[in-house]
Amino acid sequence: MADEAELVKRSRLGDTTAFGRLVTIHRDRIYMIANHILRNNDDALDVTQDTFLRAWKGLVRFDGSASLGSWLSRIASNASIDLIRRRQSHPQTEFEAVPMAIDTASRTTPSQPKKPGDSLDQADMRERFEAALGTLSPEHRAVIVLKEIEDLSYQEIADSVGCSIGTVMSRLFYARKKLQNELRDFYEKL
């Protein structure tokens, strides 16, 4: 943590190398949060990049009251939810995909998450969970991802999504109930 604090201090002074190290430390986690909320790899990559761009521009406002990871998680969660809302209010037409080469050594490109084992049961379970996760509102999806996948505390989640602990607990309760209903037939077979 002391090393991270030093990197933040140097980044605030304009040291891009120090900020690059912070990106390297946090990029996989930020990507996973965005990917779980958005459920789209390309959108998650865009939000990850946007998160670090916003962080670089707003680093002077980072007061250290929360951890840097929580602050970045909040930016990523909000950016993901904003993207979902924009798309819902302004649906876009799809264009033919244009292949893009992404430099895998790029500092802002997170490593791709490992897929669950090759077992059909695990793949089916993951597919069903992802589908059930998709039925949740962006706000409920964000708290589930931060609690159940990222294992953040209620306070860290509240800091990340910008609401009270009571609201986090309420959202988690309703999100878990909805997931339980969506997955009932699946886990009854187990």
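Read-outs: derived from the displayed coordinates by stated rules, not from any lab. Keep in mind it's a predicted model, so treat the numbers as computed, not measured. Using ideal geometry, Cβ is built from the backbone for each residue, glycine included, and neighbour counts are taken over all protein chains shown.
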Checklist outcome for this item: Toy charge model, Lys and Arg Cβ at +1, Asp and Glu Cβ at -1: the range 115-190 dipole around Cα centroid in debye, rounded to 20, equals 300 debye
Checklist entry - FRET efficiency for Lys9 and Thr167, Cβ-Cβ distance as r, R0 = 41 Å, nearest 0.05? => result 0.80
Checklist entry - Taking the simple approach of a point 7 Å from Cα along Cα-to-Cβ for both Asp42 and Ser153, what is their distance in nm? => result 4.0 nm
Next on the checklist: Which of Tyr31, Tyr154 has the fewest other C-beta atoms within 10 Å, and how do the rest follow up to the most?
Outcome noted: Tyr154, Tyr31
Item to check | Nearest-0.05 FRET efficiency for Gln180 and Ser137, computed from C-beta distance (R0 22 Å) | outcome: 0.85
